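Please read the structure below before turning to the comments.
The values are calculated or read from the model by the stated rules, or taken from the named source; none is laboratory data. Bear in mind that the values here come from a model prediction, so they are computed numbers and not experimental data. All Cβ positions, glycine included, derive from the backbone under ideal geometry; neighbour counts span all protein chains shown. Side chains included, ligands, DNA and RNA excluded: accessible areas come from the protein's heavy atoms. Shrake-Rupley method; radii C 1.70, N 1.55, O 1.52, S 1.80 Å.
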Amino acid sequence: MSINEQQHEVIIMRNCIRTLWRASALSLLMFSAASAQQSTLEFNAKESDGFSLESKALYPEGLEYDAKSERFLLGSIRRGEVIALNKDGTTTRLVDDERLRSVVGIRVDAERGRLLVNSSDYGVATRSTPTEKFASVALGIYDLATGAPLKFVDLSDLRPTEKKFANDLTVDADGNAYITDSLAASIYKVTPSGKASVFLSHDRFRGEGFNLNGIQYLSVVK
């Protein structure tokens, strides 16, 4: 499909930085990936209203806020898991699915009680394999409350001749997910039933290194 044929509700942004803010509670997240042997969380709401998380080889990437459970969620590039940072100062391993490689973009779909997780293999995750570097991409869908797996959609064959890196994602009003591929110059679409397709592909999305990144769904009220 050409760019002119696409719906205006999907807005593509390169190198998008999304800021999470919750004015009444937690306002600052600080991450370190170098010191502690196990995940630790220091919390002092009276002094700083913030989190300080130290964890060996965590390398956090995607970050979301789960308003219902009042917790932050972050994905790990190295470990291929999703960690919950709870408001009481504790951490929980919410998603630990051995099918995941590097967890990149994550998205809370509060309306449907889902957590959507992009998985990519670019050779740095504990579950990376040499034969799947820049070849394995998938969308994991999990129960937002429990982390239980709901669906796992392999996207690797949508652009079979391209190197692939599933980066960011968004969800529209009908529950369809849109995933940017930074190397294959494409956006994938996954329906709520798990059907995957190439939503948009264009050479304008190509460039040196990683390209397509952030994506956001915007509903236009006429």
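Tallying residues that are among the polar types (S, T, N, Q) and more than 10 Å from Gly80 (Cα to Cα) within segment 98-117 yields 0. Look at segment 44-64: where a residue is under 19 Å from Ala84 (Cβ atoms) and a partner is of a type in the set (Asp, Glu) and modelled with pLDDT under 70, sitting 6+ places away or on another chain with Cβ atoms under 6 Å, you get Ser52/Glu42. For segment 151-167, which positions are open to solvent by less than 10 Å² (accessible area, probe 1.4 Å) and either farther than 26 Å from Asp96 by Cα or not in a loop (DSSP other than H, G, I, E, B) (or both)? Residue satisfying the conditions is Ala166 alone. Is it fair to say Val137 is in contact (Cβ under 8 Å) with a residue 12 or more places away in the chain, farther than 26 Å from Lys195 by Cβ and of a type in the set (A, V, I, L, M, F, W, C)? It is false that Val137 is in contact (Cβ under 8 Å) with a residue 12 or more places away in the chain, farther than 26 Å from Lys195 by Cβ and of a type in the set (A, V, I, L, M, F, W, C). Filtering segment 73-83 to residues that are surrounded by fewer than 22 Cβ atoms within 10 Å (Cβ to Cβ) and not charged (D, E, K, R) leaves only Ile77.
Quick check on segment 105-116. Is at least one of its residues buried (at least 22 other Cβ atoms within 10 Å of the Cβ), farther than 18 Å from Gln216 by Cα and aliphatic (A, V, I, L, M)? For segment 105-116, residues buried (at least 22 other Cβ atoms within 10 Å of the Cβ), farther than 18 Å from Gln216 by Cα and aliphatic (A, V, I, L, M): absent. Within segment 84-102, the residues that satisfy the criterion of being open to solvent by less than 10 Å² (accessible area, probe 1.4 Å) and either more than 25 Å from Lys189 (Cβ to Cβ) or touching a Pro at 6+ places or on another chain (Cβ under 9 Å) (or both) are Ala84, Leu85, Val95. Each residue in segment 163-185 was checked for being touching a helix residue (DSSP H, G or I) at 6+ places or on another chain (Cβ under 8 Å) and more than 16 Å from Arg107 (Cβ to Cβ), and 1 pass.
The set of residues in segment 174-189 that are assigned to a strand (DSSP E or B) and either farther than 15 Å from Ser156 by Cβ or out of contact with any Ser or Thr (no Cβ under 9 Å at 6 or more places or on another chain) (or both) comprises Ala177, Tyr178, Thr180, Ile187, Lys189.
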